[in-house]
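Structure, as structure tokens:
The values are calculated or read from the model by the stated rules, or taken from the named source; none is laboratory data. In this text, all values refer to a predicted model and were calculated from it rather than measured experimentally. Heavy atoms of the whole protein, side chains included, go into the accessibility calculation; ligands, DNA and RNA do not. Shrake-Rupley method; radii C 1.70, N 1.55, O 1.52, S 1.80 Å.
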Amino acid sequence: MAKLGYDIFDADPSVTLYACMAHARRKFFDCKTYEPDKAAHVLKEIRKLYLIERWLRKTGASADVRQQLRQEQAGPVLEELKPWLEVNNGLPKSPWAKATQYTLGRWQRLTRYLDEGRVELDNNLVENAIRPLAIGRKNYMFAGSHDASQRGAVVYSLLGTCKFHDVNPMEWLMEVFQRIPTHPAEDIAALLPHHWKHARQTHMLSSFQPHCTRQNRQKARYPVLHRTLTLSKMQADQHNDSPIRNRCISQYRVRARHIP
């Protein structure tokens, strides 16, 4: 019999499965009525994991730092929690037993995030990103083909990445469409929204020139008007007669005032 569900990906060495701690936590939260003391203990331990993650996000820690601190601080919490759950597994078919079986059955996937700083503790960010799709899936139930569905999923993932990293999707798409025909295929990841944003910010800082004055910006944005202003100023400099010179200078100032 063919494997079903997520188990089929365990046989694929190119796929690494991670379980969501928020789902496991919800199981114990629902047990507060049946096993209040035990549920409170587990929720307290899980809260320690989320406090660590909150501090990592607040400090903007890199993936390497996240991995190191998770192993040092979250690892011991999980090492103590697992044997406690194995001992306090509850009566068969009870809500508490279902919660412990759910968590212990996915323990390896739940704790893999300790060794990968790029992975989150739970799947909340992804679920929040796809919520608009879940709300409107009846409006676009049919994609036409399986290939079209996969391409649509790729587009939604890219736009969700833009939203998460505060990237303007239109600006990103316009530049990517212009660059992708000549962009090296082996470096295609550089065009992802978050890499694109970082490269763009770095380029803007490195290409800043101190001589980029207001006059130069005006010349680039309004070349015709700038030539007219230059002509007015030259006419003013050529006339020694005071009334004519003053009139030319006045025209120059009036025209210059209309440039942002």
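Using only the alpha carbons of segment 3-52, determine the length spanned along each of the three principal axes and report them from longest to shortest in whole angstroms.
The Cα atoms of segment 3-52 stretch 40, 27, 11 Å along their principal axes.
Gap in Å between the Cα centre of segment 161-185 and the Cα centre of segment 86-115?
For segment 86-115 versus segment 161-185, the Cα centre distance is 42 Å.
Report the full-extension gain for the segment residue 119 to residue 88: residue separation times 0.36 nm, less the Cα-Cα distance, to one decimal in nm. Let's see the in-between values first.
On the way: separation 31, 0.36 × 31 = 11.16 nm, distance 2.93 nm.
My answer for the length gained is 8.2 nm.
Please compute the alpha carbon radius of gyration of segment 80-167, then divide it by the globular-protein estimate 2.2 N^0.38 Å. Two decimals is fine.
Working: Rg = 18.8 Å, N = 88, 2.2 N^0.38 = 12.1 Å.
In units of the 2.2 N^0.38 Å rule of thumb, it is 1.56.
Can you give the accessible area of residue 52, probe radius 1.4 Å, in Å² rounded to 10?
20
Based on the alpha-carbon set only, what is the convex hull volume of segment 1-123 divided per residue, in Å³?
Numbers: hull volume 14.4 nm³, N = 123.
Dividing the Cα hull volume of segment 1-123 by its residues yields 117 Å³.
With a 1.4 Å probe and all protein chains kept in place, how much accessible area does residue 170 have, in Å² rounded to the nearest 10?
The accessible area of residue 170 comes to roughly 120 Å².
Expressed in nm², what is the orientationally averaged projection area of the convex hull enclosing the Cα positions of segment 41-105? Walk me through the intermediate numbers first.
Working: hull surface 19.4 nm².
Mean orientational projected area (segment 41-105, Cα hull): 4.8 nm².
Going from most exposed to least, what order do 194, 183 have by accessible area with a 1.4 Å probe?
Details: 194 65, 183 35 Å².
Greatest to least solvent exposure: 194, 183.
Can you give me the solvent accessible area of residue 77 with a 1.4 Å probe, rounded to the nearest 10 Å²?
Residue 77 exposes around 20 Å² with every protein chain in place.
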